[in-house]
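Written out below as structure tokens is the structure these notes cover.
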Amino acid sequence: MKTARGGPAGGGSAIPGSPTVWLRGIGVHVPAATRDTAWLAERTGIPEDVLREKFGLRQIHKAGPDEHVSTMGAAAARAALDDAGLTARDIDVLVYCGSEYKDHIVWSCAARIQHLIGADRAWATEVYSLCSGGVVGLKVVRDMLRSDPGLDRALLVAASKESELIDYGNLRSRFMFSFGDGAAACVLERGSPEEFRCESRGKGRLLEAAVLTDGSFALDVIVPAGGSVRPASRETVAAGLHTLDVPDPAGMKERLDRLSRRNFFRVIRESLERSGFDVGDIDFLALVHMKRSMHEGVLAGLDLAPENSFYLEDYGHVQACDQLIALHEGRRRGLLKEGDVAVLAAAGTGYTWAAVTLVWG
């Protein structure tokens with residue numbers, strides 16, 4: 001078990017004496033239907049070997065017409081509650097941090113999930129940070145639990161059906177061809193280390209986060225129509241302006257290539273340092289799904305082996321869900337041990353990079 005610079009194993013705190021927040025349960029739900037690389041190759045014109053080796057895909061999950069972010073999110077939430085040994089009525093607040101492409105527009109998915117699972121004691125709200133939403137959500141909910149004495153347990157839920165926003169014939173948006181559907185959730189609870197160790201309730205102790213935004217990328221990935229700038233109309237539908245697009249892919253790539261790895265390393269390092277650790281202490285890295293070479297490059301830059309992470313090639317990129325899915329798979333496959341330091345790291349268009357540290361067990 002590692003010892004943090006800030007104190008005993010489990011990390012230091014940016015707020016001395018503040019309450020401890022534990023990850024108590026994790027739940028993942030993906031649709032049964034899948035689309036393999038042959039299906040993607042037929043629709044995109046990209047060879048299967050390129051999809052497998054460069055894009056880092058074997059398959060993605062595809063939600064059906066009756067599967068939405070609310071229903072998938074509710075399924076993941078129930079799984080997280082089961083994992084935590086709790087019921088929905090044990091939850092004080094439910095926070096949705098997933099895709100804004102929801103069942104309806106200008107609509108609270110959090111409230112719908114609260115109703116679907118019967119969490120009638122909890123109030124519900126939403127945090128939105130695109131593909132960094134899962135990590136940003138963990139930071140926000142942890143801060144809520146530490147600062148509000150009226151909150152003991154929170155349920156954080158993310159879900160995505162953004163595969164429906166992909167035009168596979170638009171090669172400008174090809175980096176998003178990896179989008180898959182699904183949901184992930186976790187239960188967070190405030191409590192002392194002694195309580196959780198005695199009752200074996202904790203999956204991990206959630207520590208400090210770091211977040212960085214570069215808003216110069218804000219207009220690089222958009223759905224051109226459907227918002228207030230260009231309201232939906234027959235003309236916008238006929239022109240195919242309601243799918244994700246990258247107006248200047250070469251310009252975005254040139255600027256992003258200069259920054260992205262550096263910013264990933266920056267937020268990972270800052271999260272660790274604020275938690276009382278350093279880069280050499282990482283045992284497991286739960287990353288956003290990215291092309292295989294970049295995933296390998298991030299691991300190499302941190303002196304980590306493939307077994308120190310889980311690559312989401314059977315899921316694709318499930319928006320804000322990626323890190324909890326990777327953590328779930330890491331636990332399931334025995335990649336996480338008692339006392340391991342894990343870092344969850346994300347990047348979302350806009351562009352926001354985020355990381356949070358936890359100590360497992």
Under a 10 Å cutoff between Cα atoms, tell me which one of Lys54, Lys203, Lys291 has the largest fluctuation in the Gaussian network model of the chain.
-> Lys54
Quick one: plug the Kirkwood hydrodynamic radius of the chain (C-alpha pairs) into Stokes-Einstein at 10 °C, 1.306 mPa s, and report D in µm²/s.
-> 77 µm²/s
What's the FRET efficiency of Ala300 with Thr236 using the Cβ-Cβ distance as r and R₀ = 56 Å, to the nearest 0.05?
-> 0.80
For segment 207-301, the Cα gyration tensor yields equivalent-ellipsoid semi-axes (√(5λ), largest first, whole Å) of 36, 15, 12
Over the C-alpha atoms of segment 21-203, what are the Rg and the largest Cα-to-Cα span, Dmax, in Å?
-> 18.0, 57
What chymotrypsin sites (Phe, Trp or Tyr not before Pro) does segment 62-110 have in DSSP loop regions with at most 16 other beta carbons within 10 Å?
-> Trp107
Which order, highest average first, do 236-243, 262-269, 85-92, 164-171 follow once you tally other Cβ atoms within 10 Å for each residue and take the mean per peptide?
-> 262-269, 85-92, 164-171, 236-243
At 222 nm, what helix-only mean residue ellipticity would the chain give, in deg cm²/dmol to the nearest 500, using -39500 (n - 2.57) for each DSSP H run of four or more?
-> -9500 deg cm²/dmol
In order through segment 104-121: 3J(HN,Hα) via Karplus (6.51 cos²θ - 1.76 cosθ + 1.60), integer Hz, x for Gly, Pro = 9, 8, 6, 8, 8, 5, 4, 5, 5, 4, 3, 5, 4, 8, x, 8, 6, 8
Please build a GNM for the chain, connecting alpha carbons under 10 Å apart, and tell me which residue among Val21, Val50, Val341 fluctuates the most.
-> Val50
Amide H neighbours of Trp22 under 5 Å, at least 5 residues apart or on other chains, H built in the peptide plane: list them.
-> Glu189, Arg190, Gly191, Leu206
Would you mind computing Rg(Cα) / (2.2 N^0.38 Å) for segment 212-361, counting N as its residues?
-> 1.21
Taking the chain as a Gaussian network, where each spring joins two C-alpha atoms under 10 Å apart, which residue of His295, His104, His29 fluctuates the most?
-> His104
Distance (nanometres) between label positions extended 7 Å along Cα→Cβ at Glu338 and Ser108 | 4.2 nm
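Where a number appears in this text, it was derived from the coordinates with a stated rule and is not lab data. Quick caveat, the model's predicted, so the values are computed rather than measured. Heads up, the Cβs are rebuilt from the backbone with ideal geometry, glycines too, and the neighbour counts pull from every protein chain shown.
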